[in-house]
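Everything below concerns the one structure shown next.
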Amino acid sequence: MRKKSRLAAIGCGGRTQTYMSIAATLPEHYENVAVADPVAVRREAMRTISGNADIALYHDDKDILSVPKLADVMIIGTQDDYHVEPCLRAMEAGYDILLEKPIAPTMAEVRELADAAKCLDRRVLVCHVLRYTPFYKKVKEIIDSGALGAVESVNAREGVGAWHQAHSYVRGHWAVTDKCSPMIIAKSCHDLDILYWLIGRPCKSVASYGGLSHFTENNKPEGSPLRCTDGCPLGLDCMYNALHYMDRNRELLHLVMDGGAAAAPDEIEAWLRQSPWGRCVYSCDNTAVDHQVVAMEFEGGVTATFTMTAFDEGRSIEIFGTKARLVGGAAYKETCGDDIVVTDHADGRQVRHNVEFDDLGYSGHGGGDFGLMQALHEEMRCSAPEQMLSSIHTSVMSHAMGFAAEKARLTGTTVRVEDFECKE
Ligand SMILES: NC(=O)c1ccc[n+]([C@@H]2O[C@H](COP(=O)([O-])OP(=O)(O)OC[C@H]3O[C@@H](n4cnc5c(N)ncnc54)[C@H](O)[C@@H]3O)[C@@H](O)[C@H]2O)c1
């Protein structure tokens, strides 16, 4: 029998909880052995979430890395601005790494980590979970089969969803870009990574436009207080009313409120009175954009566009090949259902590819969370670190695309990704 992978984690927030709870359902592959988090209630909760009541608990990254190596793989599940240091130290301590995206808040640090992984010969798998979804795996398979002919152009779209935008990018962890990373990296590095993977060529240059238009003080209704809990006169009609965390919008609450999943309404209201998530969405300190487009040119003249908007739900893709066109995803739900549809240019014949979802495991990120954990065990055994589907080495390109796109947006110029990757 093949040896199990022992998992440890730095940071016990939403992501680590997801990965370790999935690992607990795959006991033939994984053993959750240790975690670290300065917040006692979060690390204690891991006794249940990890399926290992005896899991070793440490106060923080320094604490867990001060003892001899405990596991095969260290999950780096801290926030965006604190990946580099624990990832470097864990690699030096001999761990292979499951590293949350974004790799780091600057391109220089992305490079530093990729170089360190190479130098130390560590496997670093970046959590670009979309590569492990049944949907995008099928799209890649169709492209590779030659059914589309040569891919000439791609349009991709990501609808973040208005409440999700408000939760994460107006009130939440990724609202103030100086403290984390720009939206095109924080959220959409997934999408740029998928474009790079599907097109299979380096991106040469990018242009980008977009900004923050809606979630600003200019749109604040007259008379609304700073917090929704302070008796907003428009509360009944406002879809962003934070009191909806108590009823129709509970699903994201447990990710930010310890004990939120089982909290009573009065406990949630008390929490909203003092937490960032109780603020009026038009009175926050947010700088993340609520819409952005990126135009890209890849090697060989292949072009792509990507649109991120707060005001749509779900991801979609259109691929234009010399033989056929492929469409699928949220924008095509009404006409295509869950199918990816390939239409031949010559005779209009359509082939529909149904993408099966397993309801239990495939709920997170379109099945990507489960797919990634299913794959991790084998990925960590492949002969060379660069061969992992989502290795840090392949992720350098999508991060360079994202940082270059942000520079393009801020400066109103076209930015060459190659130059950017080398110099910044
Ligand atoms: N792959 C994806 O699709 C995906 C989705 C969401 C978030 N993310 C990324 O995953 C990362 C984690 O996100 P999250 O939502 O789980 O965050 P979170 O805020 O819920 O969890 C981070 C945890 O790290 C802990 N922490 C802080 N300093 C620490 C230290 N020195 N040692 C140990 N623990 C420490 C915090 O107490 C917190 O519990 C972020 O970088 C985020 O951008 C990725």
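Once the dipole of the chain is set up with Lys and Arg at +1 and Asp and Glu at -1 on Cβ about the Cα centre, which of 232, 370, 153 lies farthest towards its positive end?
153
Taking only DSSP H segments of four or more residues, each worth -39500 (n - 2.57), what value at 222 nm results for the chain once the sum is divided by all its residues, to the nearest 500 deg cm²/dmol?
Value at 222 nm, helices only, nearest 500: -9000 deg cm²/dmol.
Looking at the chain as a GNM with Cα springs under 10 Å, which of 123, 250, 227 has the largest mean-square fluctuation?
Residue with maximal mean-square fluctuation among 123, 250, 227: 250.
When Lys and Arg each count +1 and Asp and Glu each count -1, what net charge do the other residues less than 10 Å away from residue 179, Cβ to Cβ, add up to?
Taking every other residue near residue 179 into account, the sum is -4.
Could you please tell me the mean projected area of the C-alpha convex hull for segment 131-272, averaged over all directions and given in square nanometres to one decimal?
11.9
Please list 145, 283 in order of solvent-accessible area, largest first, computed with a 1.4 Å probe with all protein chains present.
The residues order as 145, 283, largest area first.
Identify which of 102, 233, 276 has the largest mean-square fluctuation in a Gaussian network model of the chain, with springs joining Cα atoms closer than 10 Å.
For the chain, modelled as a Gaussian network with Cα springs under 10 Å, the answer is 233.
Would you mind telling me which residue in 26, 99, 389 has the biggest mean-square fluctuation in a Gaussian network model of the chain, where springs connect alpha carbons within a distance under 10 angstrom?
Its mean-square fluctuation being the largest, the pick is 26.
About the Cα centre, and with charges only on the beta carbon of Lys, Arg (+1) and Asp, Glu (-1), how big is the dipole of the chain? Nearest 20 debye, please.
Result for the chain is approximately 480 debye, rounded to the nearest 20.
Quote the charge dipole size of segment 217-278 about the Cα centre in Debye, to the nearest 20; the model charges only the Cβ of Lys and Arg (+1) and of Asp and Glu (-1).
80
If you average 1/r over all unlike Cα pairs in segment 5-122 and invert the result, what Kirkwood radius do you get in angstrom?
14.1
Hey, could you grab the Kirkwood Rh for segment 217-278? Inverse mean 1/r over distinct alpha carbon pairs, Å, one decimal.
Radius from the Kirkwood sum: 12.1 Å.
With +1 on the Cβ of every Lys and Arg and -1 on the Cβ of every Asp and Glu, and nothing else charged, how large is the dipole of segment 177-253 about its Cα centre, in debye rounded to the nearest 20?
For segment 177-253, the charge dipole is close to 340 debye.
Please report the projected area of segment 40-97's Cα convex hull averaged over all directions, in nm².
4.1
With N denoting the number of residues in the chain, provide Rg(C-alpha) divided by 2.2 N^0.38 Å, to two decimal places.
Relative to the 2.2 N^0.38 Å estimate, the chain comes out at 1.00.
So how do 92, 418, 313 rank on accessible area, 1.4 Å probe, biggest first, that is with the largest at the start?
The residues order as 313, 92, 418, largest area first.
Quick check on my link table: of 220/407; 118/333; 62/179, which ones sit more than 31 Å apart, alpha carbon to alpha carbon?
118/333
The values are calculated or read from the model by the stated rules, or taken from the named source; none is laboratory data. None of these values were measured; they are calculated from a predicted model. When we count neighbours, we look across all protein chains shown, and the Cβ atoms used for this are built from the backbone with ideal geometry, even at glycine. In case anyone asks, the SASA skips ligands and DNA or RNA and just uses the protein heavy atoms, side chains included. Shrake-Rupley method; radii C 1.70, N 1.55, O 1.52, S 1.80 Å.
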